[in-house]
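One structure below.
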Amino acid sequence: MAEKSSFLDKVLGRIDRLGKKELQAVIERLAREREFLETLFNTVEDGVLVIDAAGKVLYLNRAVTMLLGLKPDVAEGAAVTDLLPSLEWDELLGEESEAGRVATREFEVDWPRPRFLRLYSTPLVGEAGAEGGVALIIHDVTEARKKTFEAIESERLQALTLLAASVAHEIGNPLNALHIHLQLLERELNKLDNPDPDVPASVEKMRGFLGVAKGEIDRLDYIVSQFLQAIRPTEPKLQPVSLNDVAQDTLKLLLPELENRGLNLEAKLSATLPAVPMDPAQIKQVFVNLIKNAMQVMTTGGCLTLATGEGTDGVWVTVGDTGAGISQEKINRIFEPFFTTKTKGSGLGLMIVQRIVREHGGQIGVQSEPGKGTRVKVWLPLHERRPKLLAAAAPEN
């Protein structure tokens, strides 16, 4: 860089004395250097963007168009807010310029395929300290994040496996014996037919105790089943199914409970939704868990919102509630085993939901605002994704 600066300084210092041939030689050298740098930048996998102080694109390499799904002929001079509208550009461009300072941001894009990107930005300080915009490097961190998540989940599941195996062993056998003896007790009670007026009252009292015991057994059995399902998930049996059909079946199942709680339902199912490969039983379990979670955090008069739709290469469903919402600290932990925001939750429901969605090649996200409610979005890929190829670059003359 020092040699090039020296060369430019020499040229600029005597440009008024250069002849036609000398000036042509300088221009040819600068053209060769520009071509070399463009070839170099177009070879790297990271995106390179140069933005001026007004937020206009001065330069972008080929990797930017691939990472963001842009047409190769995106014109230099376009507004960067049109390329990446989700980023806070006013804050980024308005930060105090300081040469050598690098800021980092991460964001998610859905097109041309879902991925996580990391953005490195550094201010460009012009002559005499004048603002010169920013230089941006965009790096794809999707695989790195995926490996990190898988490693964390693997560690969690190891601990969960040991605990679940212990719970299943310690509780499963006594539960089975208790259940058999309660059945025998119920059978004997049904045989009682004594006209003594004191006996029926005693029998009904015993039936009440029996009902409580059976209810507790069912609750414990549910906990054990949740543990076992968390550590031994079944492989989904995929078949083309409409997400709307699964949603409607689930609503029919849970509508009585919804009405009993005095909650309102707002269903916004897409009229034209393509079938996607899924295991309907497992996806129904996802719906049941998400809807029950939503119902349990609302009081009478609350509203459950269920919506479906189609994206560029998949279908999605959102389940929203008007409950108390979840703080950002807790949102970061809701998929952890045993963590729950409910007083009587097992802390395994959302973990199982996340596993099912991932086994289907999908994604799940949560948005919540304390005091206003929570919205969970599940995305599932299409069986045959609709390719949207980037337009071919115009041939150079």
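Check whether at least one residue in segment 284-300 is under 19 Å from His360 (Cα atoms) and touching a Lys or Arg at 6+ places or on another chain (Cβ under 6 Å), and report yes or no.
No, segment 284-300 has no match at all.
Among the strands (runs of 3 or more DSSP E) lying completely within segment 15-118, list those that include at least 1 residues that are modelled with pLDDT of 80 or more and open to solvent by less than 40 Å² (accessible area, probe 1.4 Å).
Strands (runs of 3 or more DSSP E) meeting the threshold: 47-51, 57-60.
Residues being open to solvent by 50 Å² or more (accessible area, probe 1.4 Å) and either over 13 Å from Ala324 (Cβ atoms) or part of a helix (DSSP H, G or I) (or both): count how many of those fall in segment 280-300.
The first filter runs over segment 280-300 and keeps only residues open to solvent by 50 Å² or more (accessible area, probe 1.4 Å), leaving 281, 284, 292, 296-297, 299-300.
In the following step, the residues that additionally are either over 13 Å from Ala324 (Cβ atoms) or part of a helix (DSSP H, G or I) (or both) were identified as 281, 284, 292, 296, 300.
Residues that pass the stated criteria total 5.
How many residues, within segment 215-254, are of a type in the set (Gly, Ala, Ser) and at pLDDT 90 or above? Spell out how you get there, then give the answer.
Taking segment 215-254 first, the residues of a type in the set (Gly, Ala, Ser) are 215, 225, 230, 242, 247.
Add one more test, that the residue is at pLDDT 90 or above, and what stays is 242, 247.
Selection size over segment 215-254: 2.
Please work out which one of (1) surrounded by 15 or more Cβ atoms within 10 Å (Cβ to Cβ); (2) at pLDDT 70 or above; (3) within 16 Å of Ala281 (Cβ to Cβ) is the condition Leu258 fails and give its number.
Among (1) surrounded by 15 or more Cβ atoms within 10 Å (Cβ to Cβ); (2) at pLDDT 70 or above; (3) within 16 Å of Ala281 (Cβ to Cβ), Leu258 violates only (3).
Could you please tell me which pairs satisfy a Cβ distance under 7 Å, a separation of 6+ or placement on different chains, a first residue in segment 232-257 that is touching a residue at least 24 places away in the same chain (Cβ under 8 Å), and a second residue that is open to solvent by 70 Å² or more (accessible area, probe 1.4 Å) and among the hydrophobic types (A, V, I, L, M, F, W, C)?
As it stands, the answer is none, since no pair meets every condition given.
What single numbered condition from (1) within 18 Å of Pro381 (Cβ to Cβ); (2) more than 21 Å from the chain's Cα centre (by Cα) fails to hold for Glu266?
So the condition that Glu266 fails would be (1).
The values are calculated or read from the model by the stated rules, or taken from the named source; none is laboratory data. Since the structure is predicted, the reported quantities are computational estimates derived from the model, not experimental observations. When we count neighbours, we look across all protein chains shown, and the Cβ atoms used for this are built from the backbone with ideal geometry, even at glycine. Just the protein is used for accessible areas: all its heavy atoms, side chains included, with ligands, DNA and RNA removed. Shrake-Rupley method; radii C 1.70, N 1.55, O 1.52, S 1.80 Å.
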